[in-house]
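Where a number appears in this text, it was derived from the coordinates with a stated rule and is not lab data. If you're wondering where the values come from, they're calculated on a predicted model, not measured in any experiment. Please note: Cβ atoms are built from the backbone with ideal geometry, for glycine as well, and neighbour counts cover all protein chains shown.
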Amino acid sequence: SLTEVRMQKVVAFDIGNVLFFTDWERAGKFLEEQLGIPAKQVGQLFWGRAWGGRALEWFLNLNEGTDCAFHAIAEKALGRAIPEGLFWKMWNKEWVSNEPVISLVERLAVIQRPPTLAICSNINQPHWTHLCTTYPVFRHFSVVALSYRVGKMKPDHEMFRSISRACLGDVAPPTLLVDDRIDNVESAEIFGWEAYHFDPNPPSSVAELQDAIESFLGSKF
C-alpha cells in the first residue's frame, strides 16, 4: 500500500568505490596501449582537473552535451583521433566489482521485509547503461538518483531530494546513504539522512557496513 511505501526505510548506495571500485588507471593504460596516448594524460583529462579546471567526466555526469560532443572534446584535448568503439570500450574499463558489497546487497534484497534499495550516484548515461546491462545486482534497486538525470551532483541536496520524492512520501522516509566521500556523507546528514562512510582504500569492513545497516533497520539479516 501507499502507506507502507511511505513508511518503508530506504538504503541508498553510491556506485563508484562502494558497489564498484573505479580503476581510472586501468582505463588510462588501455588507451595508452591501444593508441600510445600517455595514461597519465588520459587520467588528468577525464578524472583530474585538466579540462578547464575540472574533470571532463563532469560534462557527461551533468548532461551538458551529447555523447558525440564528449567524444569530440576528448579527441581535441588529447590531440588524437580515437575510434568510437575503442573510445567507449575505454570509458567502461574503470569498473571493478566490489563483490563483498554486491553480495551484501543481494542478501539485503531478499530479507522478509526489505528496505527500499536506491542508487544515489554522480554518474553518466553511458556508464549507467553499461552497468545495468552487465551486472544483475542493479535489478534490486527500485529508486535511482543519477546526476546526469538530476542535473546536479552530490553533495548537492537536490540529489537527495530526488530519492525522497521518488519514495512518494510527503515526509521523506528514513534513509541511510552509503558513500565513499566524506563531503557527501556530511551533506546527507545535514539533509536529515543517516550516512555511512565506506572507505575504499583499504576497503571498509563489509561486516561493519552490515552492522550499520542492521542498526538502521532495527533488524538483522
Tell me which label goes with the value of Cα Rg over 2.2 N^0.38 Å computed from the coordinates here: (i) 1.27; (ii) 0.99; (iii) 1.07.
(iii)
By the Cα gyration tensor axes a ≥ b ≥ c (a/c under 1.5 gives rounded; else a/b larger than b/c gives prolate, otherwise oblate), the shape of the range 106-221 is rounded
Scalar couplings 3J(HN,Hα) for the range 145-157 by Karplus 6.51 cos²θ - 1.76 cosθ + 1.60 (θ = phi - 60°), nearest whole Hz, x for Gly and Pro, are 10, 10, 4, 5, 8, 6, x, 9, 10, 3, x, 4, 5
Sequence-distant or interchain residues sharing an amide H contact under 5 Å with residue 178, placed H: which?
12, 13, 14, 196
Which shape class applies to the range 30-100: rounded if a/c is under 1.5, otherwise prolate when a/b exceeds b/c and oblate if not, where a ≥ b ≥ c are the square roots of the Cα gyration tensor eigenvalues?
rounded
Which whole-Hz couplings ³J(HN,Hα) result when phi for each residue of the range 101-111 is put into the Karplus expression 6.51 cos²θ - 1.76 cosθ + 1.60, θ = phi - 60°, listed in order with x for Gly and Pro?
6, 4, 4, 4, 4, 4, 6, 5, 5, 10, 5
For residue 95, other-chain or 5+-apart residues with amide H closer than 5 Å (H placed, Pro excluded) are 23
Note, the range 188-198: 3J(HN,Hα) by Karplus (6.51, -1.76, 1.60, θ = phi - 60°), whole Hz, Gly/Pro = x, goes 4, 5, 4, 5, x, 8, 8, 8, 10, 8, 9
Do the sum for the chain: with -39,500 (n - 2.57) for every DSSP H run of n ≥ 4, divided by all residues, what is the mean residue ellipticity at 222 nm, to the nearest 500 deg cm²/dmol?
-14000 deg cm²/dmol
Looking at this model, which pairs from 29/152; 40/154; 93/220; 9/89 are more than 28 angstrom apart at the alpha-carbon?
29/152; 93/220; 9/89
Considering only the chain, percent of DSSP beta bridges that pair antiparallel, nearest 5:
25
In debye to the nearest 20, the charge dipole size for the range 112-221, taken about the Cα centre with +1 at each Lys and Arg Cβ and -1 at each Asp and Glu Cβ, equals 560
Between residue 51 and residues 5 or more places away or on another chain, which pairs have amide H atoms under 5 Å apart, with H built 1.01 Å from N, and which residues are they?
56
If each part is reduced to its alpha-carbon centroid, the range 108-147 and the range 188-208 end up apart, in Å, by 17
If I fit a long axis through the Cα atoms of helix 125-134 and take the longest principal axis of the Cα atoms of the chain, what angle between them do I get, 0 to 90°, rounded to 10?
70
Checked the range 110-151 against the a/c 1.5 cut and the a/b vs b/c comparison, axes a ≥ b ≥ c from its Cα gyration tensor; verdict oblate
